[in-house]
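Here's the structure we're looking at; comments come further down.
The values are calculated or read from the model by the stated rules, or taken from the named source; none is laboratory data. Keep in mind the model is a prediction, meaning the values are calculated, not measured. FYI the Cβ positions are ideal-geometry reconstructions off the backbone, even for glycines, and counts take in every protein chain you see.
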Amino acid sequence: MATTEYIVFTPALGQTVIVPLGASRIAVYANSPKLVKLVANFEGGTSDFEQIDLESSGDLYTYKTSFPSSDFPEHISVLANGVQLTGKISFVHGHFRSKDQEFLTELVLEEGEDQKSQKLDWLDINDWEGWAWYRPRETWIEASFTPLSKLSPYTPTHNLLLRPKIPETDPKSVLAVFPASPPGAFIHLSAARFGEVPGVYIRARRVKKCGRIVSYVGAKLTVHNGELSAIRGAIDVARKKYGYSTAPFTRETGHSPFDRLGFCTWSSIGEDVPLTLDLMDDLVHKLAKFNVPVGTFIIDDGWQDIRYGLNGSEKTRGLWSFDTWEHMRSPLSDVVCLIKKTLPTVEDVGVWMTLHGYWNSIAPTSPLAKKYEMRKFKLNRDNIQGIDWPNNDFDGQQSGSISNPENRTWCLPPPHLAYAFWKDYFTSCCDAGISFVKVDDQAYGSLLDGVSGGEEFIALWDSMTRAANEVFGDNKVIHCMAHYERTFNGDIGMGVATQGRKIVIRNSDDFGLSRPDIHRNHIHYNIYNAMLTSQLCLIPDPDMFMTSGKWPEYHAVLRAFFEGPILLADKPGQLDLQVLHKLVGRSTTNSYEVVKAPHTIRPLSRSVWEGCLDEGVGPAIKGVSYFPNAGSASLVLWNARKDALDNAVDIIFESDLIDALEGIEKPVHGDSNLDVAVWLSIAGAAKSVRLRDFGQDVSYEASSSPPVISTLIGPQGMETLTIVPYKHLGDAMVACLGLIDKYAGLAAIQRSQAMAGKLSIDFSLNGVAGFLVALRVEDAQKRVRVTVDNISTLYVVKSKGNGLCLVEVDLANIQAVPGKENWTVEIQI
């Protein structure tokens, strides 16, 4: 038997294809960097793959074979140059449900009960497979694909997104399951444990001394509405049952330290390196030489006054006071002054801390312990089962892990003094010039033992956020290492704890750790975690990254398509300005802002279930982001092949472009076709596509949708496709691609309007504005006219083949009209 070492099939070998209703033919495609003879074998015959002329962003040959939908084979196998390949493609007609469904299970902790388990009777583990959001470490939750029959019995599961295991059964159905923790209990899911009947179980733990506590698991089955709709529906099932509002969550308006370019000292100066004034001075002066427009600066771990060995072993570290440690040689106010004086664009300086003061809480013999009547709380590892404790020997450093936590205690302010502690702590920071905080290691409080430990954990968070809002203003906290029941599944995530106002939460484990496949996993965990966190009362933060190391553009592109802060962490004196300039732009008031998508990227619908993390050549991670102001979208591809050894190869179909443009207003006239421009930013290639039946209620499968382009992305690589509906200006078509020198350049568009033979675009930031025009270069040079704020402006015309040209307008040196918030670019043909 041969393997598909270099051939990528769409649909993949081993996949079952649902034949859509109304499709006349179904097709199988293959991409290969080499010429190859492919033959499909099936019962009763064979079918040759024919080479087709399909544009490609790499050196690829594309092949196709097809079958009438009225007479398709049940299975096909493939011969490549006469050698049988492993795996078959199956074809079936789907059977669809007629309506969506909701499910609900109630679990009651009676007075005197501290723990309880209960089976979900309506969920058959043999019928479903999909994504389980496991908690494999104390502080982080990550998505893992699994058949439901193989769900972990011990590692906590915080959400499920499932599809039918037998594809022909409800092929467009998606089931989301959301265990919703009430204020008095933490609940999660797991498989059956020893002695239990096989199934999925709710596991509840009381964290409040009160009477009867009712918990709910909500679920939503959607038929044609997609994965995010199912997740949102499951959350709302629980919100309604608890009596919570289901109104959309809100986001703070006005100044926020998280909306401007940020810098963090953690990976820059060195992880676990105690900070000194000399180290800080060296860093900021080297940043100043690059003229980096940093607006927000985080002083991370290493600034605080701590003591070793007072909380257990000699390695434990506890907070001693609210001051800086002695080797800083300056108070915190001097450090803030140094940063703002050296980097005049910095408006906000924040500091790092943990929810319990420092990694191992408060030093028990410190002045703080006496002033705030600190109590000792035991830790219980059984609160978070499924963690590989023997290998967790970090002793409270980056991961927050503590070996043998059952032998440790934490020294903390009791619930009635927690607010006073945080109010005083934040006030001392504010007096030094600090305007926001990053509060780390939050989920580790889950280990506090017993109901009293749960009450302490809740009091610490509630008191911290209340004090932060009072001292710094609303929502000036980055909540980090906070993946546990309250944020992912409880009153924080559901918006009750914050009155429906979104808060910033770190969305994944740290970037660039020394683990296998960490870079591709970081992209994957962020995008898949965001499927859940973006539907909660949270703003997902994908963590800091470097422009000068550790796969810079690979990570930079992700940050451009997330709502959360963009934070640099380059080593002193090391910075790639080319990467940086693709993330920021100058406004009309000469301030620098990040250029990022208004909403966090989501997986392309068909990509949710693809094997994009497998070894060998295969598909990329594919995410889409819609830009309402531009009426356009971006489709981003990351090579995520195992060990970064192989190319990622895909075919992009018309159905993918329609999926990406999900938010666009549907045509109201009789013609349901939509002409769009497709721009590949890395390849510098352009293409026009007519989307057929756009806006109709058609369920496209890749097997029945026309192909648009094939893509080849090398290891550590990515590609961004900008998808823009054309505007018709007389006999010509033109599409504004946004700022083509930025990763998320569509974000700079504030308004787009075609009228009186002109296309008028308002840009909030400067850069190179790109327009794709359906004309030959020589015709465009004669006919195109461009103005910026009604002043005739120079532009460059470049041929892109196929009767297309790119018109570039550089706004970098164009002065803004006083009092005007945008540059208005008009193109007339």
Out of A747, A756, which single residue is over 28 Å from L645 (Cα atoms) and more than 28 Å from the chain's Cα centre (by Cα)? A756
Which of the numbered conditions does V557 fail, given that it passes all the others? Conditions: (1) part of a loop (DSSP other than H, G, I, E, B); (2) aliphatic (A, V, I, L, M); (3) touching a Phe, Trp or Tyr at 6+ places or on another chain (Cβ under 6 Å). (1)
If you take the residues in the stretch 109-130 that are in a strand (DSSP E or B) and not polar (S, T, N, Q), which one is surrounded by the fewest Cβ atoms within 10 Å (Cβ to Cβ)? K119
Any chance the stretch 738-745 includes a residue that's in a helix (DSSP H, G or I) and at pLDDT 95 or above? yes
Looking only at residues in the stretch 156-174 that are modelled with pLDDT of 95 or more and in contact with a Gly (Cβ under 8 Å, 6 or more places away or on another chain), which one is surrounded by the fewest Cβ atoms within 10 Å (Cβ to Cβ)? L162
Does G663 meet the test of being surrounded by fewer than 20 Cβ atoms within 10 Å (Cβ to Cβ) and either at pLDDT 95 or above or not aliphatic (A, V, I, L, M) (or both)? yes
Find the strands (runs of 3 or more DSSP E) located wholly in the stretch 778-819 whose residues include 2 or more that are touching an Asp or Glu at 6+ places or on another chain (Cβ under 8 Å) and surrounded by fewer than 16 Cβ atoms within 10 Å (Cβ to Cβ), and list them. 796-801
Q750: passes all of (1) part of a strand (DSSP E or B); (2) in contact with a His (Cβ under 8 Å, 6 or more places away or on another chain); (3) not aliphatic (A, V, I, L, M) but (2)
Within the stretch 175-199, residues being modelled with pLDDT of 95 or more and on the phi > 0 side of the Ramachandran plot number 1
Considering only the stretch 451-472, I want to know if a residue exists there that is modelled with pLDDT of 95 or more, assigned to a strand (DSSP E or B) and either buried (at least 24 other Cβ atoms within 10 Å of the Cβ) or more than 26 Å from the chain's Cα centre (by Cα) (or both). no
If we keep just the residues of the stretch 131-152 that are among the aliphatic types (A, V, I, L, M) and part of a strand (DSSP E or B), which is nearest to I527 (Cα to Cα)? A143
Subset of the stretch 70-108 that is in contact with a Leu (Cβ under 9 Å, 6 or more places away or on another chain) and closer than 16 Å to A27 by Cβ - its residue that is surrounded by the fewest Cβ atoms within 10 Å (Cβ to Cβ): I89
Can you name every residue in the stretch 54-69 that is closer than 21 Å to S24 by Cβ and not in a strand (DSSP E or B)? L54, S69
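Listed here are the residues, each with its yes/no results for (1) surrounded by 24 or more Cβ atoms within 10 Å (Cβ to Cβ); (2) at pLDDT 95 or above; (3) assigned to a loop (DSSP other than H, G, I, E, B); (4) touching a strand residue (DSSP E or B) at 6+ places or on another chain (Cβ under 8 Å).
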| residue | (1), (2), (3), (4) |
| --- | --- |
| G623 | yes, yes, no, yes |
| N629 | no, yes, yes, yes |
| A633 | yes, yes, no, yes |
| D643 | no, no, no, no |
Of all residues in the stretch 222-244 being in contact with a helix residue (DSSP H, G or I) (Cβ under 7 Å, 6 or more places away or on another chain) and not in a helix (DSSP H, G or I), which is surrounded by the most Cβ atoms within 10 Å (Cβ to Cβ)? T222
Can you pull out every residue in the stretch 792-828 that is aliphatic (A, V, I, L, M) and within 20 Å of V678 (Cα to Cα)? V796, V797, L804, L806, V807, V809, I827
For the stretch 261-368, list the strands (runs of 3 or more DSSP E) that sit wholly inside it and hold at least 3 residues that are free of Cβ contacts under 8 Å to residues at least 12 places away in the same chain; which are they? none
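Condition check ((1) more than 26 Å from R501 (Cβ to Cβ); (2) under 17 Å from the mean Cα position of the chain (by Cα); (3) part of a loop (DSSP other than H, G, I, E, B); (4) aliphatic (A, V, I, L, M)) across all residues:
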position	(1), (2), (3), (4)
E553	yes, yes, no, no
P565	no, yes, yes, no
D570	yes, no, yes, no
N590	yes, no, yes, no
V649	yes, no, no, yes
Has the stretch 278-290 got any residue that is buried (at least 19 other Cβ atoms within 10 Å of the Cβ), over 25 Å from L583 (Cα atoms) and touching a Lys or Arg at 6+ places or on another chain (Cβ under 9 Å)? no
